[in-house]
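> One structure is given below, represented as structure tokens, and several questions about it will come after.
A short reminder: the numbers here are calculations on the coordinates, not readings from a lab. Because the structure is a prediction, the values reported are computed rather than measured. Backbone-built Cβ (ideal geometry, glycine too); neighbour counts: all protein chains shown.
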Amino acid sequence: MKSRLLERLLGTYSPDPGCEACFELLDQYAEAVLCGEDPVSRFPDVVTHIRQCEACREDTEGFLAVLRTNIFQSGK
Amino acid sequence: MDKESEDWLEALRAEASVRDEALARLHSLLLRVARAEAGRRRGNLPPQTVAELGDLCMQAANDALEAVTRKLDSFQGLSRFTTWASKFVVLEISSRLRSHAWRDRRIDLSAATWEQLASSYLTADRALEQQEQKNLLREAMAQNLTDRQRMILTAVVMEEVPIDVLAERLGSSRGRLYKVLHDARSKLRRALVQDQQTEGLL
């Protein structure tokens with residue numbers, strides 16, 4: 001199995017739409033994840049990108065964390 | 001589109017008094033999101049960044065509000081409006097936190113450093129047991145990548161410089177640098193797949 005270090009160096013063969021295209025779908029991706037849907041089948045390119053791009057992965061983790069707090073409902 | 005999202009759109013496109021009230025509510029929401037994300041990451045931030053979190057959150061909310069209003073017509077209701085709007089402020093605060101944390105750190109982009117970094121990076125990888133494979137990887141980088149591709153790959157992958165921080169230093173964009181990185185990785189894989197000695201790496 002390829003190590004994480006090598007994967008970071010070489011990436012994968014999967015199609016990668018890039019940062020902007022990933023951002024365009026991020027809201028739909030996040031709602032799908034929070035609804036318990038399988039993001040790999042609905043958003044395979046986003047899943048590939050956030051595995052490859054550390055900044056987008058960090059942003060996505062933050063986005064999901066905020067949405068999980070129900071911040072819009074609580075008014076906090 | 002859900003009713004709440006429709007209400008947001010209607011208010012943001014209404015006459016000045018209604019619109020101003022909606023903009024104020026939206027700004028307040030974006031600021032809450034920025035503060036929540038900054039708070040979540042607070043423990044991993046350097047003290048100088050923590051000291052300025054209030055300002056950074058306010059800047060992020062201001063810029064996100066501007067982005068949301070500029071792109072309002074592109075919102076199609078495929079997610080809730082609040083979810084869609086919030087992704088802008090998460091991007092803004094996240095980029096600001098990375099940028100601020102790296103503000104005083106030097107990033108060595110000289111061609112002379114890449115081979116030294118590549119050597120220590122590859123040595124740290126226990127999966128690469130054969131010296132021959134390490135040499136082939138270094139050679140593949142030297143022979144197949146342009147100076148810019150090598151520099152960006154070295155900085156992002158080996159030095160772990162966030163790609164948006166590097167883009168800022170180089171006067172480029174995150175998307176453009178990611179394309180360079182993606183192309184560099186593809187070239188490296190193509191070069192390695194042609195070599196049987198590195199077949200097991202891919």
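> Arrange the following residues from fewest to most other Cβ atoms within 10 Å of their Cβ: B:Val156, A:Val40, B:Val33, B:Val193.
A:Val40, B:Val193, B:Val156, B:Val33
> While we're on this one: Normalised by the residues of region B:3-101, what does the relative contact order come to in percent, with Cα pairs under 8 Å and at least six apart?
Relative contact order of region B:3-101: 37 percent.
> Using 20 Å as the cut-off for backbone N distance, which residues of region B:146-163 belong to the label zone defined by a point 7 Å from the Cα of B:Asp183 along Cα→Cβ?
B:146-158, B:163, by backbone N distance to the label point.
> Measure off 7 Å from each Cα along the Cα-to-Cβ vector at B:Gln143 and B:Asp20, then give the distance between these two points in nanometres to one decimal.
It is 6.9 nm.
> Alpha carbon centre of region B:55-90 versus region A:21-76: separation in Å?
Centre-to-centre distance over Cα atoms comes out at 15 Å.
> Mind checking the log10 I(q)/I(0) for region B:3-101 at q = 0.11, 0.22, 0.23 Å⁻¹? Debye, one equal scatterer per Cα, no solvent, two decimals.
-0.34, -1.04, -1.10
> Tell me which cysteines of the protein assembly as shown come out unpaired when the rule is another cysteine's Cβ under 4.7 Å.
A:Cys19, A:Cys22, A:Cys35, B:Cys57 - these cysteines have no disulfide-compatible partner (Cβ-Cβ under 4.7 Å) in the protein assembly as shown.
> With charges only on Cβ, +1 for K and R and -1 for D and E, what is the dipole size of the protein assembly as shown about its Cα centre, in debye, rounded to 20?
Here the protein assembly as shown has a charge dipole of around 540 debye.
> Let a ≥ b ≥ c be the square roots of the eigenvalues of the Cα gyration tensor of chain A; is it rounded (a/c under 1.5), or, if not, prolate (a/b larger than b/c) or oblate?
In terms of gyration-tensor shape, prolate.
> Under 10 Å, Cα contacts only: if you run a Gaussian network model on chain A, which one of A:Thr12, A:Thr60, A:Thr48 comes out with the highest mean-square fluctuation?
In this elastic network of chain A, the residue with the biggest mean-square fluctuation among A:Thr12, A:Thr60, A:Thr48 is A:Thr12.
> With viscosity set to 0.692 mPa s at 37 °C, what whole-number translational diffusion coefficient in µm²/s follows for the protein assembly as shown from Stokes-Einstein and a Kirkwood radius over Cα pairs?
Here the translational diffusion coefficient equals 161 µm²/s.
> Another question, then. Using the number of other C-beta atoms within 10 angstrom as an exposure proxy, rank B:Ser95, B:Ser173 with the fewest first.
In increasing order of surrounding Cβ atoms, one gets B:Ser173, B:Ser95.
> Suppose a student asked you for the relative contact order of chain A, using Cα pairs under 8 Å spaced at least 6 residues apart; what percent would you report?
32
> I'd like the orientation of helix A:19-34 relative to chain A: the angle between its Cα long axis and the longest Cα principal axis, in ° from 0 to 90, rounded to 10.
The angle comes out at about 50 degrees.
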